Structures are given as structure tokens and as C-alpha cells.
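Chemist: Structure below; questions to follow.
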Amino acid sequence: MALMKIPTLFRRTRQLETEIDDFLDKLSETALVFKHAVRLYLAGGATEEFEDRLRYANELESGADDLRRSIEAELYAHTLIPGSRGDVLRLLEKLDGVLNLMESALWSFSIEVPDVPAPFHPDFEALTDTAVNAVESLVLASRAFFRNIEAVTDHMHKVMFYEKEADKVGTKLKRAIFASDLPLSHKSHLRHFAEHIDNVADAAEDVADRLAIYTIKRTV
């Protein structure tokens, strides 16, 4: 006997579908901007090109906030998906938090202007790539939650994988930093930025944990 397919959450409004898609697009695009901006910083510091990426990340964050408020109003004004409305709003709030972490990290690079010695660049890049992979997998899992809930777990396990990889790379990077001959204040500053990036992967995993609960609630 064929299993009964769980219906999509988008049954009554194209506007809600479009706004949630746009919100997830902004999160995904912010992750790509974040990766590019960190590479630009490592290559040349807080250049105008880096600052341009920061401004773009700020625009994406503002746009995501506007969309989240619009989605909330749409859900309550038209009493849409009442059984899952609270979970959807909490999910969007958590996803927005991941976006905010990436923007905040870039602001910290711009304001504090850390001096990152060249030997640490490969691990900073690897840590950034892994954190961004976790975010991109989270976006795919979130899209599946709204459109094809059976596919959520196909993407969530990747979030967990990338978060663990980020922990490994981050630990390796911090060990290398503190094993160096740099002054302690410099070491502490670099560790701070490694943790900024690692926190993005941690936040993606936290959201994936919540998404797993919301998915179970919809499938029982």
C-alpha cells in the first residue's frame, strides 16, 4: 500500500509561498556573500570591496527582517496554516538569527580589523566554507519542510555533518594560533574571529534540531 503523502503547507496562498521562498533565498545569498567577504578580507583586509560585501549583507538582513514581519502578518491576518503557524514563525525567527550571526561577524571584521597572518588563512577559509555548507544544507532542509517534508532528513544530516567538521577545523585552527609565537593578545583576538565563524555552524545545527521536532509534529 502506498504511503499517504503529507500535503505541502502552501495550499491557500501564493503570496505566502513566494515570501517564504524569498526569505530563504536571502539567507542562502547571505551565506555566499559571507564566504566571499571573508576571503576578500583575508586577501586584503577591510578594502572597499570587502565593505561593499558587508553593505550588501546588511541589505539582505534588512530585507529578510521585512519579509519575516510580512509573513507573520499574513499568517495571522488570514488565519493560514493554524496547526503549524507557531512552528513556522519560530523557524523563521531562528533562521533569521543565523543570518544575523553572519552579518555580525562581518561587522566585527570591519570594526576590529584583525591581523590574520597568512599561515592561518587556509584554515580560516576552510572553517568559513564548512560553516556556509551547514547554512546551505539548512536552507534546503527548510525548503523541504514547506514543500516536501519527506525530504527534510535528506538535508538535515548534512547540517550535522558540517557542524562537526566546523568544530574539527575550528579546534585545529585555535590550536595552531595558540601554538604560535604571537603575543597572547593577538592570539586571543584571532580565536575570537575563529569562534565568530564557528558559531554560524553551531547556530545552523541548533535550527536543524528545532526543525527536526517541527517535522515530527507534522508527520505524526
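Chemist: Using the Cα centre of the chain as the reference point, and only Cβ charges (+1 on K/R, -1 on D/E), how large is the resulting charge dipole? Debye, rounded to the nearest 20.
Modeler: 920
Chemist: Could you please tell me the mean projected area of the C-alpha convex hull for segment 93-216, averaged over all directions and given in square nanometres to one decimal?
Modeler: The number I arrive at for segment 93-216 is 7.5 nm².
Chemist: Please work out the FRET efficiency for the pair D167 and I216, using the Cβ-Cβ distance as r and a Förster radius of 22 Å; give the result to the nearest 0.05.
Modeler: After rounding, the FRET efficiency stands at 0.30.
Chemist: Just how far, in whole angstrom, is segment 89-128 from segment 174-220 if you go by their alpha carbon centroids?
Modeler: One Cα centre to the other: 10 Å.
Chemist: Determine Rg/Rh for the chain; Rg is computed over alpha-carbon atoms and Rh is the Kirkwood hydrodynamic estimate from the same atoms.
Modeler: 1.04
Chemist: Just to confirm the number: angle between the C-alpha axis of helix 152-179 and the first principal axis of the chain, 0 to 90 degrees, nearest 10?
Modeler: Roughly 10 degrees between the two axes.
Chemist: Let me ask another. Given q = 0.11, 0.12, 0.21 Å⁻¹, what are the Debye log10 I(q)/I(0) values for segment 29-155, with equal point scatterers placed on the Cα positions and solvent ignored?
Modeler: -0.47, -0.55, -1.19
Chemist: While we're on this one: State, in angstrom, two size descriptors of segment 153-220 derived from its alpha carbons: Rg to one decimal place and Dmax to the nearest whole number.
Modeler: Cα-based Rg and Dmax for segment 153-220 come out at 16.2, 57 Å.
Chemist: State the dimensionless ratio Rg/Rh of segment 109-175 (Rg: radius of gyration of Cα atoms; Rh: Kirkwood radius).
Modeler: Using Cα coordinates only, the ratio equals 1.14.
Chemist: Could you compute the FRET efficiency for D206 and S108, with r as their C-beta to C-beta distance and R0 at 22 Å, rounded to 0.05?
Modeler: Between D206 and S108 the formula returns 0.60.
Chemist: Run the quick spin-label model on D21 and D154: label points 7 Å from Cα toward the beta carbon, then report their separation in nm to one decimal.
Modeler: Using points 7 Å along Cα→Cβ, the separation is 1.8 nm.
Chemist: Next question, about the same structure. Across segment 200-213, in residue order, what do the Karplus-derived ³J(HN,Hα) couplings come to in whole Hz, using 6.51 cos²θ - 1.76 cosθ + 1.60 with θ = phi - 60° and x for Gly and Pro?
Modeler: 5, 5, 4, 5, 4, 5, 4, 5, 4, 4, 5, 4, 4, 5
Chemist: Which whole-Hz ³J(HN,Hα) couplings does segment 112-119 yield from phi under the Karplus relation 6.51 cos²θ - 1.76 cosθ + 1.60, θ = phi - 60°, glycine and proline marked x?
Modeler: Along segment 112-119, the couplings run 8, 6, x, 8, 9, x, 4, x Hz.
Taken together, the values in this text are just the output of simple stated rules run on the coordinates, not laboratory data. Predicted model, so just to flag it, every value in this text is computed and none were measured. Backbone-built Cβ (ideal geometry, glycine too); neighbour counts: all protein chains shown.
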